[in-house]
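The structure appears right after this line, and notes come after that.
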Amino acid sequence: MCQAIVKLLQESNLGLDVVSYGELYTAKLANFDPSLIYFHGNNKLPIEISFALDYGPINFIVDNESELNLIIEICKQKKTTANIMFRVTPDIETQTHEYIKTGHKSSKFGLSPSQIKKLTPIIINNLNFLNYLGLHVHLGSQSTKLKPYIESVSVIAKLASELTAEFNLNTTKVNLGGGVGIKYNHKDSPIPLDKWAKALSTELVKTFTDRRLDLPQLILEPGRAIIGSAGVTLYTVGHIKKLDSGIEYVSVDGGLADNPRPAMYQAKYTAELANRIDDGQKIVSIVGKYCESGDILIKDIKLNAKTNDILVVYGTGAYNYSMSSNYNRTPRPACVLIQNGKPIEIIKAQTYEDLTRHDA
Ligand SMILES: Cc1ncc(COP(=O)(O)O)c(C=O)c1O
């Protein structure tokens, strides 16, 4: 998330998901069309809601009752109306790591269909301040199966039909989330994005038509499937050591702070040397430089690296820079876009002055 990426999204006629003031602020600096912004999150702060309402006709994906009441309160103060959709927890499990599942019953995101129905009187009593648009669902990330997505469409269609029949609330937008996996490793076989979109739109048309509902606008939120594979991280190989046990560690000049995903949820990556052909005849583990034993970027990979080689780790275009930190007081690296063969620095590397700027 940075201004250059927001501008690329705008040029590509794509929408934008945000979850924080910082992301809204960045979008605004880049002049992104607010009507194409979907504001997610389970704890939107008063200051964030207020900023979003001042920005323009943003779509709030309402997570819970308390948030709904807060939006109304702020809309009353500002004499304005918020566009809202509800985040539905469909109670559908996806086959992915526990920490990136979101559609299961105990998920911290969203509410069940019956809980959402209980909130409808609040909407009906506040039509001056709330404009109900529709329903949202997101099952989780790095999903490789279509079936759970298809099941989620039925849950949405049923709820939409009940909201129309019982409360006269028409669902004009259905947002079926994202989570389509990408190929991090040779073993991964992701669902092609076009196949996923076609299957979901076909199912939406079928379920809504069967229930005699008007067809809503379909919104999809593929995140990493758009940008994940477009990014790589370049490291310089530092010290290499072989333990008595035979394990060989190749250390690089980054790790946990620029890529917390392996430590957080055992994410797997693949890598190669970028500066020369590698005979890859040894099994080594690539480790970061941070003070955590869990700072292992890739365990057991065939690589014959030497100090000063350049290592390329693939599939780091999503969730890496955004999750990066300054752990161990390490500056964040630059982010470079390659367009038509030309490098453009879209985020500058942090300096040591940047790191100490807020020290009081
Ligand atoms: C609401 C929502 N939509 C879409 C996505 C995109 O997921 P992915 O990048 O796995 O496609 C996320 C990821 O966190 C999300 O929370």
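The values are calculated or read from the model by the stated rules, or taken from the named source; none is laboratory data. A quick note: this is a predicted structure, and the numbers were derived from the prediction, not measured. In this analysis, Cβ positions are derived from the backbone assuming ideal geometry, glycine residues included, and neighbour counts consider all displayed protein chains. Ligands, DNA and RNA are stripped out before the accessible areas are found, and what is left, the full protein with its side chains, is counted by its heavy atoms. Shrake-Rupley method; radii C 1.70, N 1.55, O 1.52, S 1.80 Å.
Below are the figures for this structure:
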quantity: Test: residue in region 221-235 that is more than 16 Å from the ligand (Cβ to nearest atom) and open to solvent by less than 20 Å² (accessible area, probe 1.4 Å); calculated: yes
quantity: Inter-residue pairs, beta-carbon under 6 Å, first assigned by TED's automatic domain parsing to the domain that holds residue 63 and among the small types (Gly, Ala, Ser) and in region 120-142, second assigned to a strand (DSSP E or B) and open to solvent by less than 10 Å² (accessible area, probe 1.4 Å), 6+ apart; calculated: 134/85; 134/174
quantity: Close pairs from region 143-168: first more than 14 Å from residue 132 (Cβ to Cβ) and assigned by TED's automatic domain parsing to the domain that holds residue 208, partner open to solvent by 50 Å² or more (accessible area, probe 1.4 Å) and part of a loop (DSSP other than H, G, I, E, B), Cβ under 6 Å, at least 6 apart; calculated: 157/211; 161/211
quantity: Yes/no for residue 13 being free of Cβ contacts under 8 Å to residues at least 40 places away in the same chain, under 21 Å from residue 103 (Cβ atoms), in the same structural domain as residue 137 (by TED's automatic domain parsing) and touching a helix residue (DSSP H, G or I) at 6+ places or on another chain (Cβ under 9 Å); calculated: no
quantity: Odd one out for residue 263 among (1) part of a helix (DSSP H, G or I); (2) open to solvent by less than 80 Å² (accessible area, probe 1.4 Å); (3) within 16 Å of the ligand (Cβ to nearest atom); (4) assigned by TED's automatic domain parsing to the domain that holds residue 312; calculated: (3)
quantity: Any hit, region 136-148, residues being touching a helix residue (DSSP H, G or I) at 6+ places or on another chain (Cβ under 8 Å) and more than 16 Å from the ligand (Cβ to nearest atom); calculated: no
quantity: The listed residue being of a type in the set (D, E, K, R), open to solvent by 30 Å² or more (accessible area, probe 1.4 Å) and closer than 20 Å to residue 114 by Cβ, out of 158, 195, 206, 183; calculated: 158
quantity: Unique match (being modelled with pLDDT under 95 and either open to solvent by less than 40 Å² (accessible area, probe 1.4 Å) or at negative phi (or both)) among 98, 73, 65; calculated: 98
quantity: Residue match in region 285-293 (condition: touching a residue at least 12 places away in the same chain (Cβ under 8 Å), open to solvent by less than 70 Å² (accessible area, probe 1.4 Å), among the small types (Gly, Ala, Ser) and under 30 Å from residue 247 (Cα atoms)); calculated: yes
